[in-house]
Amino acid sequence: MADELLIDEFTNIQDALNMALKREKQAYVFYQQGAQQVTNVGVKTLFSELAVEEEHHIARIQAFIDKEIMREM
């Protein structure tokens, strides 16, 4: 699985953006689940905040794909 998320000289822009989107979604799930599982209030707050940041990253990448990549198709 790790190899499918590596960018090299053969990776096209659309695939690179899809990889980035996939990683952001995985990070979001990680932080959301972590926030639900931990009992330490500080860690719970941190993970919740990081999940929100990941949501922003997801939206930004998706908006770029929708605007720039889909326009080229």
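Convex hull volume of the Cα atoms of the chain, normalised per residue: 89 Å³. Of the trypsin sites (Lys or Arg not before Pro) found in the chain, none is in coil by DSSP with at most 12 other Cβ atoms within 10 Å of its Cβ. Across the stretch 44-50, rounded Karplus estimates of 3J(HN,Hα) from the backbone phi angles (6.51 cos²θ - 1.76 cosθ + 1.60, θ = phi - 60°) give 4, 5, 4, 4, 5, 5, 5 Hz, Gly and Pro being marked x. Where is the GNM fluctuation largest for the chain (alpha-carbon springs, 10 angstrom cutoff): 41, 29, 52? Comparing 41, 29, 52 in the GNM, the peak value goes to 41.
Taking 0.36 nm per residue of sequence separation and subtracting the Cα-Cα distance, how much length would be gained by fully extending the chain between residue 9 and residue 45, in nm to one decimal?
Numbers: separation 36, 0.36 × 36 = 12.96 nm, distance 3.89 nm.
Working it through step by step, the gained length comes to 9.1 nm.
Between the Cα long axis of helix 13-37 and the first principal axis of the chain there is an angle of about 10°, rounded to the nearest 10.
Read-outs throughout are calculated quantities, based only on the coordinates presented, and are distinct from any laboratory measurement. None of the values given here were measured: they were computed from a predicted structure. In this analysis, Cβ positions are derived from the backbone assuming ideal geometry, glycine residues included, and neighbour counts consider all displayed protein chains.
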